[in-house]
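Working notes, beginning with the structure itself.
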Amino acid sequence: QGRLVPVDEDGLTYLVDLSTYLDTGFFIDQRATRRLVRRLAGGRRFLNLFAYTGTMTVNALAGGSPSSTTVDLSATYLAWAERNLSANGFTAAQQVWAPDAPAQAGSTSPTPAHTLVRADCLRWVAEADGAYDLIWLDPPTFSNSKRMGRATFDVQRDHADLIRMTVR
């Protein structure tokens, strides 16, 4: 129960959970897309929205992405994404996005190349700054999470607006 089991695909390792959740954390039907992301990522800044367990970020980094931002509202899934990155020799800085927080004066620390951001993806994409060359956008079909900045998200109703916000 709750044990993560490593699986291998194309020389990369993913940690799957075969018992705790409804799904394993690794979507087999996205195999071709993972390969495509890996092939396209070289030299491109990568954004993974609604990141879940970070499998697409793993592929982007394996493909040579020099920088990535991985965003999800769930601390559990971001921790899982961090474990998937680590299982493949990658590291990323974790942060909780606070759009209204004042900037820290005198901060000289460089921006990490790869970040895992805990945030409401819809609000983050509407308000955060950043330029990306390759974007993986995989929202849930429906969400009514109380932590979201809006009442509900329905992919049938909201997908066009989400795409427009992402490519602005």
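The values are calculated or read from the model by the stated rules, or taken from the named source; none is laboratory data. Computed from a prediction, not measured in an experiment: that's the story for all the values here. Glycine also receives a Cβ, built like all others from the backbone with ideal geometry; neighbour counts cover every protein chain displayed. Calculation scope for accessible area: heavy atoms of the full protein, side chains included, ligands and nucleic acids excluded. Shrake-Rupley method; radii C 1.70, N 1.55, O 1.52, S 1.80 Å.
What does DSSP give for region 4-136 in terms of the percent of beta bridges that are antiparallel, rounded to the nearest 5? Don't skip to the end; give the middle numbers.
Details: 6 of 23 bridges.
If we restrict to bridges inside region 4-136, about 25 percent are antiparallel.
How high is the FRET efficiency between ARG39 and VAL167 when r is their beta carbon distance and R₀ equals 22 Å, given to the nearest 0.05?
Working: r = 21 Å, r/R0 = 0.94.
So the FRET efficiency works out to roughly 0.60.
List the residues whose amide H sits under 5 Å from the amide H of GLN94, counting only those 5 or more places along or on another chain, with H placed 1.01 Å from N in the peptide plane.
Long-range HN contacts for GLN94: LEU116.
Using a 1.4 angstrom probe with every protein chain in place, what is the largest-first accessible-area order of TRP136, TRP124? Present the calculation step by step, with values, prior to reporting the outcome.
Values: TRP136 45, TRP124 20 Å².
If we order TRP136, TRP124 from most to least accessible, we get TRP136, TRP124.
Subtracting the Cα-Cα distance from 0.36 nm times the residue separation, let me have the gained length for LEU22 to HIS159 in nm, one decimal.
Details: separation 137, 0.36 × 137 = 49.32 nm, distance 2.42 nm.
Additional length available on full extension: 46.9 nm.
Please report, as a whole percent, how much of the solvent-accessible surface of region 1-99 comes from carbon and sulfur atoms (probe radius 1.4 Å).
Carbon-and-sulfur percentage of accessible area, whole number: 52.
Using modelled backbone amide H atoms (1.01 Å from N, in-plane), which distant-in-sequence or interchain residues come within less than 5 Å of THR69's amide H?
Amide H neighbours of THR69: PHE46, LEU47, ASN48, THR115.
Describe numerically, in nm with one decimal, the distance between label points set 7 Å from Cα along Cα→Cβ at THR13 and at SER86.
1.2 nm
What are the ³J(HN,Hα) values, in whole Hz, obtained from phi via the Karplus relation 6.51 cos²θ - 1.76 cosθ + 1.60 with θ = phi - 60°, for each residue of region 111-128 in sequence order, with x given for Gly and Pro?
Ordered by residue, 3J(HN,Hα) equals 5, x, 5, 10, 10, 10, 10, 8, 6, 5, 4, 5, 5, 4, 5, 6, 10, 7 Hz.
Among the chymotrypsin sites (Phe, Trp or Tyr not before Pro) within region 26-61, which fall in a DSSP loop and have no more than 16 other Cβ atoms within 10 Å of their own Cβ? Please report the intermediate quantities before stating the final value.
Details: sites: PHE26, PHE27, PHE46, PHE50, TYR52; in loops: PHE26, PHE27, PHE50, TYR52.
Within region 26-61, the qualifying chymotrypsin sites (Phe, Trp or Tyr not before Pro) (loop, at most 16 other Cβ atoms within 10 Å) are PHE27.
If we sort 6-19, 66-79 on the protection proxy, mean other Cβ atoms within 10 Å, highest first, what's the order?
Numbers: 6-19: 14.2, 66-79: 20.1.
Ranked by mean Cβ neighbours within 10 Å, highest first: 66-79, 6-19.
Per residue, how much accessible surface does region 25-91 expose to a 1.4 Å probe? Answer in Å², no decimals.
Values: 2600 Å² over 67 residues.
Accessible area per residue: 39 Å².
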